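Chemist: Before I ask anything, here is the structure I am working with.
The values are calculated or read from the model by the stated rules, or taken from the named source; none is laboratory data. Owing to the predicted nature of the structure, the values given are computational and were not obtained by experimental measurement. Virtual Cβ from ideal backbone geometry, glycine too; neighbours counted across all protein chains shown. The protein model used for the area step is the full one, side chains on, heavy atoms only, and it has no ligands, DNA or RNA in it. Shrake-Rupley method; radii C 1.70, N 1.55, O 1.52, S 1.80 Å.
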Amino acid sequence: MLRTLRQTAINLQRYRYLSWQLVRSNLVGGYKKSFIGLGWMLILPLITVATWILLNGAGVVEPGETGIAYPAYVLLSTSIWGFFMEMYRTSSQVLTDRGRVVVMNSFPYEVLLMEKVIVHLINFSIPLALNIIVLLIFGVRFHWWSLLLFPVSLLPLLLFGLGIGMVVAVMRVIAVDICTLIDEGMKVLMFLTPVVYAPKIDQGWLGIFNQYNPLAYLISFSRELLINSDFYKTTAYFWCALFCFLFFYLTLRFYLNFSKRVLERVY
Amino acid sequence: MADQANTLLSVDRLSKKFCKDLKRSMLYGMVDIGKDMLGIKSDPTHLRQGEFWALDEVSFDLYEGQILSVIGTNGSGKTTLMRVISDIFPKDKGQIHPFNIERVTPIFALHSGINPMLNGHENIQLKGAMLGMTKEELARKKNFIAEFSELGSFLNSPSAPTPPA
């Protein structure tokens, strides 16, 4: 187990300059034609926040006891969900996006993932900071330690999204149909997981589903930690976190073992 | 296999197969992954329906200070040979023995990886890093690369006018 992780660490260390260059190329290159440039990184989340404030003004349905104003609750929840989903989305496209480059330039496949993770963290941190300001406006108060622990609590979610993404990235090269289904399934998953409603529905099939859905615990834990400074179902969260680490390790091996084998079939 | 002291690379009966039919190739890809995950050994040395040898028992030795040209028609496997040697593609049969080589750097498809929105200097950093160069190595060589490119002040402009790979 340690061999794969150590080799990955060595490759990332050796190619750290390439990771940085790819991140720069991704962020700067993407906005270079635009007059507003990197300003979009701030404007886009502002638009999302404005939409939620407007929705709040229009009045929304109260979905049950959420502890705080519903728009604030949804804003934070969708932001945490977005953290997971966006990690899945970008990593699941890594070989179809960058496959041609990697078969022409011989560098380790881990570097491509590193680029995606760093860009994702940068893209997430700006809206998160804005969301926290909005939550303060909505009257939510945070403990300093829950603000500090919150990013750490997201790590299993990041590894889980990355793990699923790595498997789908490999499959996307050779099994397009299966991946289209998985992509659609991930969208449905958001409505099944307690993202836009409180995790208190414990009856019926949805309750049973969420009992075994690690995302339900991972998302609720981070959300409750931030808004109530509370540890939601800590034991379940730690089991899920352990599962995510193991899942990440296995999927990393899958990705490293099979990426070459699938890319040679298309390039 | 060569045993001369100044041998850099020895390639021995190297073979690589591909599949002509795209859908069948995708199917073989799924089957191979499935078998591998179940621990079932698949035999890469025989051809399945639709497959052909892109490289068929290629052998050569490359010595220090030697320039070896591989000449062939389009589709004869020159790029595939380079990709297998530099471990971009896994081999199906044969052996590759590198001697005292730190890394094999394949230089083909020069535009690959270049971001047309970045300027020449930025792309030198990007492409250099892709070829395995470190920040320090690039800092040492950047003036030489800029001079070698003969692009002068155009290096400050986006690389977009050059055709993408």
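Chemist: If we keep just the residues of the stretch A:168-192 that are surrounded by 20 or more Cβ atoms within 10 Å (Cβ to Cβ) and β-branched (Val, Ile, Thr), which is farthest from the chain's Cα centre (by Cα)? Break it down stepwise before answering.
Modeler: Of all residues in the stretch A:168-192, those surrounded by 20 or more Cβ atoms within 10 Å (Cβ to Cβ) come to A:168-174, A:179.
Filter again for β-branched (Val, Ile, Thr), leaving A:168, A:170, A:173-174.
Details: A:Val168: 15, A:Val170: 19, A:Val173: 22, A:Ile174: 24 Å.
Checking each candidate, the answer is A:Ile174.
Chemist: Looking only at the stretch B:92-123, filter to residues that are open to solvent by less than 40 Å² (accessible area, probe 1.4 Å), over 19 Å from the mean Cα position of the chain (by Cα) and within 13 Å of chain A (Cβ to nearest Cβ); which one of those is farthest from A:Val262 (Cα to Cα)?
Modeler: Once the filter is applied, the top-ranked residue is B:Asn119.
Chemist: Identify the residue in the stretch B:124-149 that is hydrophobic (A, V, I, L, M, F, W, C) and within 8 Å of another protein chain (Cβ to nearest Cβ) and, among all such residues, is farthest from A:Leu18 (Cα to Cα). Steps first, please.
Modeler: First, pick out the residues of the stretch B:124-149 that are hydrophobic (A, V, I, L, M, F, W, C): B:124, B:126, B:129-131, B:133, B:138-139, B:144-146, B:148.
Still in the running and within 8 Å of another protein chain (Cβ to nearest Cβ): B:126, B:129-131, B:133, B:138.
Details: B:Leu126: 7, B:Ala129: 5, B:Met130: 6, B:Leu131: 9, B:Met133: 8, B:Leu138: 11 Å.
Across the stretch B:124-149, the extreme among qualifying residues is B:Leu138.
Chemist: Those residues that are in a strand (DSSP E or B) and either on the phi > 0 side of the Ramachandran plot or not polar (S, T, N, Q) (or both), I need them from the stretch B:36-66; list them, please.
Modeler: B:Glu51, B:Phe52, B:Trp53, B:Ala54, B:Leu55, B:Asp56, B:Glu57, B:Val58, B:Phe60, B:Asp61, B:Leu62, B:Tyr63
Chemist: Still on this structure: Out of curiosity, is B:Ser157 surrounded by 13 or more Cβ atoms within 10 Å (Cβ to Cβ), within 13 Å of chain A (Cβ to nearest Cβ) and among the small types (Gly, Ala, Ser)?
Modeler: No; evaluated as a whole, the condition is false for this residue.
Chemist: Separate question: Based on this model, can you work out whether A:Ser125 counts as out of contact with any Asp or Glu (no Cβ under 8 Å at 6 or more places or on another chain), assigned to a helix (DSSP H, G or I), open to solvent by 20 Å² or more (accessible area, probe 1.4 Å) and at negative phi? Even if it seems obvious, please write down each step before you answer.
Modeler: Working: out of contact with any Asp or Glu (no Cβ under 8 Å at 6 or more places or on another chain): yes; assigned to a helix (DSSP H, G or I): yes; open to solvent by 20 Å² or more (accessible area, probe 1.4 Å): yes; at negative phi: yes.
Yes: the conditions hold for A:Ser125.
Chemist: Something else now. Collect the residues in the stretch B:124-142 that are open to solvent by less than 30 Å² (accessible area, probe 1.4 Å) and in contact with a helix residue (DSSP H, G or I) (Cβ under 7 Å, 6 or more places away or on another chain), keeping them in residue-number order.
Modeler: The answer is B:Ile124, B:Leu126, B:Gly128, B:Ala129, B:Met130, B:Leu138.
Chemist: Taking the condition of being crowded, with 16+ Cβ neighbours inside 10 Å and at the interface with chain A (Cβ under 8 Å from one of its Cβ atoms), how many residues in the stretch B:71-91 meet it?
Modeler: 4
So that you can scan it fast, the table gives a plain yes or no per residue for (1) surrounded by 20 or more Cβ atoms within 10 Å (Cβ to Cβ); (2) modelled with pLDDT of 85 or more; (3) not hydroxyl-bearing (Ser, Thr, Tyr):
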site: A:Leu75; (1), (2), (3): yes, no, yes
site: A:Gly82; (1), (2), (3): no, yes, yes
site: A:Arg89; (1), (2), (3): no, yes, yes
site: A:Ser92; (1), (2), (3): yes, yes, no
site: A:Thr96; (1), (2), (3): no, yes, no
site: A:Val102; (1), (2), (3): yes, yes, yes
site: A:Tyr109; (1), (2), (3): yes, yes, no
site: A:Leu113; (1), (2), (3): yes, yes, yes
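Chemist: Counting only residues that are within 14 Å of another protein chain (Cβ to nearest Cβ), in contact (Cβ under 8 Å) with a residue 40 or more places away in the chain and either outside any helix (DSSP H, G or I) or of a type in the set (Val, Ile, Thr) (or both), how many does the stretch A:163-181 have?
Modeler: Looking only at that region, the number is 5.
Chemist: Can you tell me which residues in the stretch B:3-61 are of a type in the set (A, V, I, L, M), away from chain A (no Cβ under 14 Å) and out of contact with any Gly (no Cβ under 6 Å at 6 or more places or on another chain)?
Modeler: Selection gives B:Ala5, B:Leu8, B:Leu9, B:Val11, B:Ile40, B:Leu47, B:Val58.
Chemist: Moving on. If A:Ala58 satisfies every condition in (1) farther than 19 Å from A:Ala129 by Cβ; (2) open to solvent by less than 40 Å² (accessible area, probe 1.4 Å); (3) modelled with pLDDT under 75 but one, which is the exception?
Modeler: For A:Ala58, the exception is condition (2).
Chemist: Could you say whether any residue in the stretch B:38-56 is more than 19 Å from A:Lys260 (Cβ to Cβ) and surrounded by 17 or more Cβ atoms within 10 Å (Cβ to Cβ)?
Modeler: No, the stretch B:38-56 contains no residue that is more than 19 Å from A:Lys260 (Cβ to Cβ) and surrounded by 17 or more Cβ atoms within 10 Å (Cβ to Cβ).
Chemist: Let me ask you something else. Of all residues in the stretch A:10-34, which are open to solvent by 60 Å² or more (accessible area, probe 1.4 Å) and of a type in the set (A, V, I, L, M, F, W, C)?
Modeler: A:Ile10, A:Trp20
Chemist: Right, next: For the stretch B:1-37, enumerate the residues that are touching a strand residue (DSSP E or B) at 6+ places or on another chain (Cβ under 7 Å), of a type in the set (A, V, I, L, M) and surrounded by 14 or more Cβ atoms within 10 Å (Cβ to Cβ).
Modeler: Of everything in the stretch B:1-37, those that are touching a strand residue (DSSP E or B) at 6+ places or on another chain (Cβ under 7 Å), of a type in the set (A, V, I, L, M) and surrounded by 14 or more Cβ atoms within 10 Å (Cβ to Cβ) turn out to be B:Ala2, B:Leu8, B:Leu9, B:Val11, B:Leu14.
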